[in-house]
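**Student:** Below: one structure in structure tokens.
The values are calculated or read from the model by the stated rules, or taken from the named source; none is laboratory data. From a predicted model like this one, the values you see are computed outputs, not experimental measurements. Positions of Cβ are backbone-derived with ideal geometry, glycine not excepted, and every protein chain shown enters the neighbour counts. Areas reflect the complete protein model, heavy atoms only, side chains present, ligands, DNA and RNA absent. Shrake-Rupley method; radii C 1.70, N 1.55, O 1.52, S 1.80 Å.
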Amino acid sequence: ILADTEEKAWAKAEHILERATALQDQTGYRRPNHATDGAKRLLALADQGQRIDKRLWTEIAKLTGANSNTTALVGTPEQVAEVFADYYDLGVSHFLIRGFDPLVDAIDYGRELIPLTRKLIAARDEQRGIAAE
């Protein structure tokens, strides 16, 4: 969840939660009781707080029982790219990202987040003496 300031990004996250909660109330949907092992691990993580690490937002996971698109990194493009670079340092080499507003989010990711992430990872590789592929 990206915005030009961190405050706006968290406000956007809260708005998404409000919309999802209202939709649940309108449809009568409630989180299922048959969570997978992965969903159970995510829900246990979500019980640690609304924000995990620097930017991982877990409120939708709690609302939906960790079904589908349930967590997000929240912040400015620079802040979220920094978290991706941190994950890269931990050994993550591929990222699956999708937003809560898929078309608009895909445009923002392509214009800002992906180029910033690539730049940060390239700089970290250069510091380590790893040649660009």
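**Student:** Which numbered condition trips up E112, out of (1) over 13 Å from the mean Cα position of the chain (by Cα); (2) farther than 22 Å from E18 by Cα; (3) free of Cβ contacts under 8 Å to residues at least 40 places away in the same chain?
**Tutor:** Among (1) over 13 Å from the mean Cα position of the chain (by Cα); (2) farther than 22 Å from E18 by Cα; (3) free of Cβ contacts under 8 Å to residues at least 40 places away in the same chain, E112 violates only (3).
**Student:** So H34 clears everything in (1) modelled with pLDDT under 75; (2) not in a loop (DSSP other than H, G, I, E, B) except one condition, right? Which one?
**Tutor:** If we test H34 against (1) modelled with pLDDT under 75; (2) not in a loop (DSSP other than H, G, I, E, B), just (2) comes out false.
**Student:** Let me ask another. Which of (1) without any contact (Cβ under 8 Å) to a residue 40 or more places away in the chain; (2) outside any loop (DSSP other than H, G, I, E, B); (3) more than 18 Å from E18 (Cα to Cα) does K62 not meet, given it meets every other one?
**Tutor:** (3)
**Student:** Checking K54 against (1) open to solvent by 90 Å² or more (accessible area, probe 1.4 Å); (2) in a helix (DSSP H, G or I); (3) modelled with pLDDT under 85, only one condition comes out false. Which one?
**Tutor:** (2)
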